[in-house]
Every structure is written in structure tokens, then in C-alpha cells.
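Worksheet: one structure, shown below.
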Amino acid sequence: MEMKKTALATAIVSLLSHAYTSPVFAQNTTIETDETMVVTANRFEQSAKDVIAPMSVVTKEEIVQIQAKTITDILRLQPGIEVANNGGIGQNASIFMRGTNSDHVLVLIDGFKMNSSIKSGMNINKIPVNQIERIEIIRGSGAVMYGSDAVGGVINIITRTSQNDESKSATIGVGSNKYKEGNFAANTKVGENGHLKMAAGFTQTEGYNVNPQPGKNDGDKHGFDNSQFMLNYEHQISSYLSLFTGVRWFNSTSEYNHYTNTKSQSESESITYSTKASFHKDNLSSDLSLNYQDNQNLEYLENGSLDSEQKIDQLNAQWTNQYKLMDSWSINGGIDWSNERVKADITDWSNKVIIDEGESRTSTGIYLGTTYRLEQLTLEGNTRFDKHDKYDEYTTWGVGASYQINDIYKIRSAYNTAFKAPSFYDLSTEPDLEPETSKNIDIGVTAEYEIVNVNLSLYKNKVDNLIIYYDAPNHQGYSANVDAEIKGAELELLFDTGIVSHTVVAEYKDHEDTQGQQLARRAKQNYKWVSNVSFGDLDMNLSYIYTGKRSDLPSAPGTTTNYLAPYSLWTIAGAYWLTEELAVRGRVENLLDEEYETAGGYKPAERSYYVSLDYQF
């Protein structure tokens, strides 16, 4: 069987390597990307070449090329990221960055925090893909700029478009497990100074049995149904003042396997309102932003009775500023404020109230940083002070430097501290948990040769009071503070072979806690390969992921730790342009029908097929 898989993979690669080029989506990966503008690193727009932290930018074109159905389809191909899915589309997913915990990744949408301090992490799989314009990923600690949660990195999902964008598109599609989708997005100018973006859509799938329990839930299917809508408007009031306002809504229903081995249902609804006033004149840039989120999640048993509910709202305010003392020297500073409030009692699996209605958490952060450029040398320093009403005060800081040796080589280094306060869920079971703190050092080199671009990063992250959940029988698991050290290396190669562009990623991590256990669901070795080619009216994408052996959940002393086997995953996607505006797109996921698990007991989809019509006008 393994020989057949290898032969098929080799045949596919060979086919793609002898294709003919097309102007439609062909891209040369070694083209200079210095003009790429990003906002996540210092919260104001800057050239990607000036960012000291290791980062990746995923464009909308790249998302379309791989025909991503979920955001985890996108993220799992990026350097430094691993994904653990509790099943298929719409099921819970965890994102691990550089070996840190899944709740150590700060998720932003248009710069606003999506993580909740009520419950660690968030279900990133429910964020609609068709709303995304690009994703900016900062690997390594970002706590100095963003506060708690950014121990491992920052993922900023950006939905705002350029005011010059007047693109419009509509997509309908079907796929395996009775998958259906329909999406619409439109960008248009409104008068001389206004710009409107509207996006809406739905996703439905009958699903499959994601958590099979032989003899107990045979024949079950765990489906997903999602509807979403977004409306953004931006108005240029004057040459130096603009106003943005937006609303985003989604409603989803997910079926899953209850711990009693009966099929249960989760209904989630989220609505978000955002507004931002931006002032940019001479050497001063200043943004004042407000964001309100109202989220609820209702869990129902198979008989239709309510099992639990979570109703949480969150208000965020940000004031960010940048002043350029001179072309080579700038100062950043600002204030972040947020309040989260529980709107209904939250219960655990035994219906015991663990978080009371009205419970809230407020945090305030003040930060200051500077960047100085002297010819080929760039220096930066940042510090931040955070005050939590449930915890003490925290000061984090970081320094970094990069040096462009010549036209080919660039070296960089950074040292950052970070912290994360325990969530209300953590404290409901272990009230004496301490906040997590970390010290992270990162060094790297970039080399731009004629035939290949090379990015190499080496990092070490020492995390004190790391919160680990230890699994135990009969729901007797518990959380505890331990220390951990994570060391790793990331190598990224971008090159072309003829008309085929390639991105190859190799990662190695050494990570253990003080109990001597490997951190859960994180492999020591990961390899990734993404290739793109266009010929005539046909665009093709082929990707490969290898994930090594890793533990499932750390086990309590005296119990056995379960390990997940290594796996290889191939995915192919393509588009055929019937006209300049209309394309037929397809995706085959798990091309070789691999049997694997990213979370113990949860079965990913078998080989799956998707096809869609995409009209751009």
C-alpha cells in the first residue's frame, strides 16, 4: 500500500513539473516581496522587509489557490504552525505555534482581540474564509505589543480591503458528505470618498462520525451548518482623517459526540461591531478604535434539552499612535482596554455552576516602543505595562535588531518576555493557578540567492508556570502549573523549477515539561511542501504535510500516555477558467486516503472531493 502511495505522489509531481505557463495566476515565489505592506508587527503599516520578527503573509490569491474550506486549511501550511482537529469542517480545532499551548496564540480580526479570558482559546474553524483578505502571522512572542495570550505568536485575520478595490465575486459549490456552499463578496466605491465591502454566505455539510464509539454511536453523523454576513464601510473625510465602521455576524450549528456517547448539538451566534477613526498627517499617525462582541454558545443533548450555555460580551478600546522624529526614527505608543462579562451562569459537564452570571474581567495595557534605522542596521525596543483586575500588574519588554549585510544576507535577533493570565475556566477547577510567563529568544538569517530564498530561524522559549491539563479516567483530569522549555529550528525555502513555484518548510522542536512529558499534540518534526503552476487556462496547487509522532494528552501520574502516529497528508486543488470571469474550481483533500488522527479518538475526513463555480466580475 505504501509503495502505491509513493508512486502516485511521484506521478503527480512529475505531471506538474512539465506543464506550460499561464498568465492567470502564475506566480514566481522568488520575486522580491519588499513592497508587501503589513500592520501586525507594530500596529501601523510598514514594509514587510522592515519587520524584525519572523512572519508570514497569506494573501487572498493564495487562499483561493488552495481552495481552503476552513481557516485551518490555510494555517496548517504555514511555518511554525500545527493544527489539531476534533473531526471535520466546523468541529473544534486547536492551533499550536512553535510548540506553545493552543491558547498562547493571540487571534485578531482587523487588529481586535478574539480570544476570550472566560475560556482559553477559541474555535478558529468557525471564522468564514470568504471574508478574509489576507492573514498576517507573527511567530514568537508578541505580548509586548498586544498583552496577554501572545506567548507563542499572533495571527491577524484582515477583512478590510483597499479603497481602490472594486472586485466582486460569487461562488457556489458542493462536495463530499453532502457539502454545500454559497458565498458572495462585493467591494465598491461610494461617491468620491467612500468604500463599501459586503460579504455573505453559507456552508452546510451532513458530516460523518467524527468520534466513532463502536456499538454506541454507530451510524451517527456530525454535521455543520453556518451562515455569515459582513458589512464594512470606510470614508475618507479629508486628506488626513478617515472613519471606518463594520459589522460582522455568524450563526452556526455543530453536531458532536457528547461524553455520554450520544449525539449533541452546539449552536453558536456571534455579532461584532467595530469603528475606527484614523488621523495621519505629517509625522503623526493616530488611531482610535472601539469594538463590541456579543457571543453565545448553547449546548443541547440528543433529547433537545439544554445542557449548558455560554453568553459573553466583550468591549475593546484601543488608542494607537506613531510619531516620526525623523525618517529613520519613530516612536510608537498607545493604550488598550478591554472588559469581558458573563451574561448567564456557565456550568461544567455535571451541570455545576462554575462561573456566575455577572462575573467580569477588565484589563488595561499601556505600551511604548521605538524603532531606529541607520543604513543597513535596524534597532527596536518595546515595553508594556498591563493591569488585570483579577491579577497583579505585569511588565513585559523586548529588544530586537536586524542587519542587512549585503544584497543577499540579512541577520536578525530578538528577545521578548510575555505572560498569560489563567482563564475563568482554569480557575474554576484550580483556583490557585499562577499566570504563565515566558522568555523568548529568536535569531535568524535570510538569504536571497538567484535560485532560492532561504529563511532560517532558531528559537528558545522558556515558559514558567505553564498550565497543563493532565488527563485521567472518569473526568478526574486536572490542570497544574509546570515549567517547560521549547527549543526549535525552522527552515523555509522558496524557489522555482521551471514554471512550478515551490515553498518547502522543515521544522524541528524539542519540548518537554518538568514532568518529562512531551507537550500534547505537538510533534518534534514537521515538513511541508506547497507548489503552484499555471498552464493555459488551468491553475494547479499541490501540498504535502508530514507530522511526526506526538503525545495525545499528558496523563496524570500513574496512568499511561497515549501517542498519535505520524502521518502524511496530500491535497490537490485546481481551477479551469471557462472565461476570463468564470472558473470551475476543485479540491481533493487527503488525496491518498490516509488514516490518521490529530486528536485522539477523533477521525479526520477520508478522501474528500469539492467542486465549485467562481464568478468574478
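Would you confirm whether or not the stretch 295-306 contains a residue that is in contact with a Phe, Trp or Tyr (Cβ under 8 Å, 6 or more places away or on another chain) and not in a loop (DSSP other than H, G, I, E, B)? So far as the stretch 295-306 goes, yes, one or more of its residues are in contact with a Phe, Trp or Tyr (Cβ under 8 Å, 6 or more places away or on another chain) and not in a loop (DSSP other than H, G, I, E, B).
Would you call Arg361 modelled with pLDDT of 95 or more and touching a helix residue (DSSP H, G or I) at 6+ places or on another chain (Cβ under 9 Å)? In short, no. Candidates in the stretch 542-588 are the residues that are among the hydroxyl-bearing types (Ser, Thr, Tyr) and surrounded by fewer than 18 Cβ atoms within 10 Å (Cβ to Cβ); of these, the one that is modelled with the lowest pLDDT is Thr559. Counting only residues that are of a type in the set (Asp, Glu) and in a strand (DSSP E or B), the stretch 432-444 holds 2 of them. Out of contact with any helix residue (DSSP H, G or I) (no Cβ under 9 Å at 6 or more places or on another chain), within 17 Å of Val64 (Cβ to Cβ) and part of a strand (DSSP E or B): does that describe Val588? Yes, satisfied. Of the candidates Ser268, Ser274, Ser286, Ser305, the single residue that is hydroxyl-bearing (Ser, Thr, Tyr) and touching a helix residue (DSSP H, G or I) at 6+ places or on another chain (Cβ under 7 Å) is Ser268. The set of residues in the stretch 387-400 that are in contact with a Ser or Thr (Cβ under 6 Å, 6 or more places away or on another chain) and part of a strand (DSSP E or B) comprises Lys387, His388, Thr396, Trp397.
In the condition set (1) small (Gly, Ala, Ser); (2) under 29 Å from Glu340 (Cα atoms); (3) modelled with pLDDT of 90 or more, Gly477 is compliant with all but (3). Listed by first and then second residue, the pairs with beta-carbon distance under 6 Å, at least 6 apart or on different chains, first residue in the stretch 324-348 and assigned to a strand (DSSP E or B), second charged (D, E, K, R), are Ser330/Lys324; Glu340/Arg361; Arg341/Asp313; Val342/Glu357; Val342/Glu359. Of the strands (runs of 3 or more DSSP E) lying entirely inside the stretch 445-541, those carrying at least 2 residues that are hydroxyl-bearing (Ser, Thr, Tyr) and buried (at least 16 other Cβ atoms within 10 Å of the Cβ) are 452-470, 500-513, 525-535. Among the residues making up the stretch 446-474, those that are under 18 Å from Gly516 (Cβ atoms) and of a type in the set (Val, Ile, Thr) are Val463, Ile467, Ile468.
Candidates in the stretch 603-617 are the residues that are aromatic (Phe, Trp, Tyr) and more than 21 Å from Ser568 (Cβ to Cβ); of these, the one that is surrounded by the fewest Cβ atoms within 10 Å (Cβ to Cβ) is Phe617. In the stretch 362-380, the qualifying residues are those that are under 15 Å from Ile52 (Cα atoms), in contact with a strand residue (DSSP E or B) (Cβ under 6 Å, 6 or more places away or on another chain) and of a type outside the set (A, V, I, L, M, F, W, C), and the one that is surrounded by the fewest Cβ atoms within 10 Å (Cβ to Cβ) is Gln376. Being closer than 18 Å to Gly99 by Cβ and in contact with a strand residue (DSSP E or B) (Cβ under 9 Å, 6 or more places away or on another chain) is a property that does not hold for Ser479. The single residue among Glu357, Glu340 that is of a type in the set (D, E, K, R), closer than 24 Å to Val151 by Cα and touching a Lys or Arg at 6+ places or on another chain (Cβ under 9 Å) turns out to be Glu340.
Checking each residue in the stretch 533-553 for being aliphatic (A, V, I, L, M) and out of contact with any Lys or Arg (no Cβ under 6 Å at 6 or more places or on another chain) picks out Val533, Leu538, Met540, Leu542, Leu553. Residues in the stretch 189-222 that are in contact (Cβ under 8 Å) with a residue 60 or more places away in the chain and either touching a Gly at 6+ places or on another chain (Cβ under 9 Å) or β-branched (Val, Ile, Thr) (or both): Gly201, Thr203, Thr205, Gly207, Tyr208, Asn209, Val210, Asn211, Pro212, His222. Out of the residues in the stretch 427-444 that are of a type in the set (D, E, K, R) and buried (at least 20 other Cβ atoms within 10 Å of the Cβ), which is farthest from Gly477 (Cα to Cα)? Among residues in the stretch 427-444 that are of a type in the set (D, E, K, R) and buried (at least 20 other Cβ atoms within 10 Å of the Cβ), the one farthest from Gly477 (Cα to Cα) is Asp442. Of the residues making up the stretch 332-361, just one is surrounded by 20 or more Cβ atoms within 10 Å (Cβ to Cβ) and basic (Lys, Arg), namely Arg361.
Listed by first and then second residue, the pairs linking a residue in the stretch 410-426 that is farther than 18 Å from Arg341 by Cβ and touching a residue at least 12 places away in the same chain (Cβ under 8 Å) to a residue that is of a type in the set (D, E, K, R) and assigned to a loop (DSSP other than H, G, I, E, B), with Cβ atoms under 6 Å apart and 6 or more places separating them unless they lie on different chains, are Lys420/Asp149. Let me confirm something: among Gln163, Gln131, which residue is more than 25 Å from Asn295 (Cα to Cα) and surrounded by fewer than 24 Cβ atoms within 10 Å (Cβ to Cβ)? Going through Gln163, Gln131 in turn, just one is more than 25 Å from Asn295 (Cα to Cα) and surrounded by fewer than 24 Cβ atoms within 10 Å (Cβ to Cβ): Gln163.
Just checking, how many residues over the stretch 261-290 are farther than 26 Å from Gln204 by Cα and touching a residue at least 24 places away in the same chain (Cβ under 8 Å)?
16
Ser308: in contact with an Asp or Glu (Cβ under 6 Å, 6 or more places away or on another chain), modelled with pLDDT under 90 and not aliphatic (A, V, I, L, M), yes or no? Yes, satisfied. In this structure, does Gly173 turn out to be in contact with a helix residue (DSSP H, G or I) (Cβ under 8 Å, 6 or more places away or on another chain) and either more than 24 Å from Glu136 (Cβ to Cβ) or among the small types (Gly, Ala, Ser) (or both)? For Gly173, the condition - in contact with a helix residue (DSSP H, G or I) (Cβ under 8 Å, 6 or more places away or on another chain) and either more than 24 Å from Glu136 (Cβ to Cβ) or among the small types (Gly, Ala, Ser) (or both) - is not met. Yes or no: Lys524 out of contact with any Pro (no Cβ under 9 Å at 6 or more places or on another chain) and free of Cβ contacts under 8 Å to residues at least 40 places away in the same chain? So Lys524 passes the test.
The values are calculated or read from the model by the stated rules, or taken from the named source; none is laboratory data. Small disclaimer: the values here were computed from a predicted structure and weren't measured. Note that each Cβ is placed from the backbone with ideal geometry, even for glycine, and that neighbours are counted across all protein chains shown.
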